[in-house]
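Q: Here it is: the structure, laid out below.
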Amino acid sequence: MADGCERVRDESEQADLVTFGAESGGVVWLGRTKTGDVAAIVVTSGLPDAKA
């Protein structure tokens with residue numbers, strides 16, 4: 001994760017999950033389909049006791 005990102009690939013689904021840090025201290029997850037389209041975006045706040 002030298003560039004601040006991490007990628008996990010599911011070869012059986014030909015899909016990726018990419019994570020990177022957010023300025024709030026949280027984490028952003030991008031899920032991509034086998035065609036490369038964004039399937040889901042999840043952002044956590046990084047703040048204690050905050051709803052994500």
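Quick note: the coordinates plus some simple rules give every number you see, no bench work behind them. Predicted, not measured: the structure shown is a model, and the values here were computed from it. Cβ atoms come from the backbone with ideal geometry, glycine included; neighbour counts cover every protein chain shown.
Q: Modelled label-to-label distance, Val18 and Ala39, 7 Å Cα→beta-carbon offset: nm?
A: 1.5 nm
Q: Now, a different point. Using θ = phi - 60° and the Karplus relation 6.51 cos²θ - 1.76 cosθ + 1.60, list the HN-Hα couplings for segment 9-26 in order, rounded to whole Hz, with x at every Gly or Pro.
A: Running phi through 6.51 cos²θ - 1.76 cosθ + 1.60 with θ = phi - 60° gives 10, 9, 4, 5, 9, 6, 10, 10, 10, 10, 10, 7, x, 9, 4, 6, x, x Hz.
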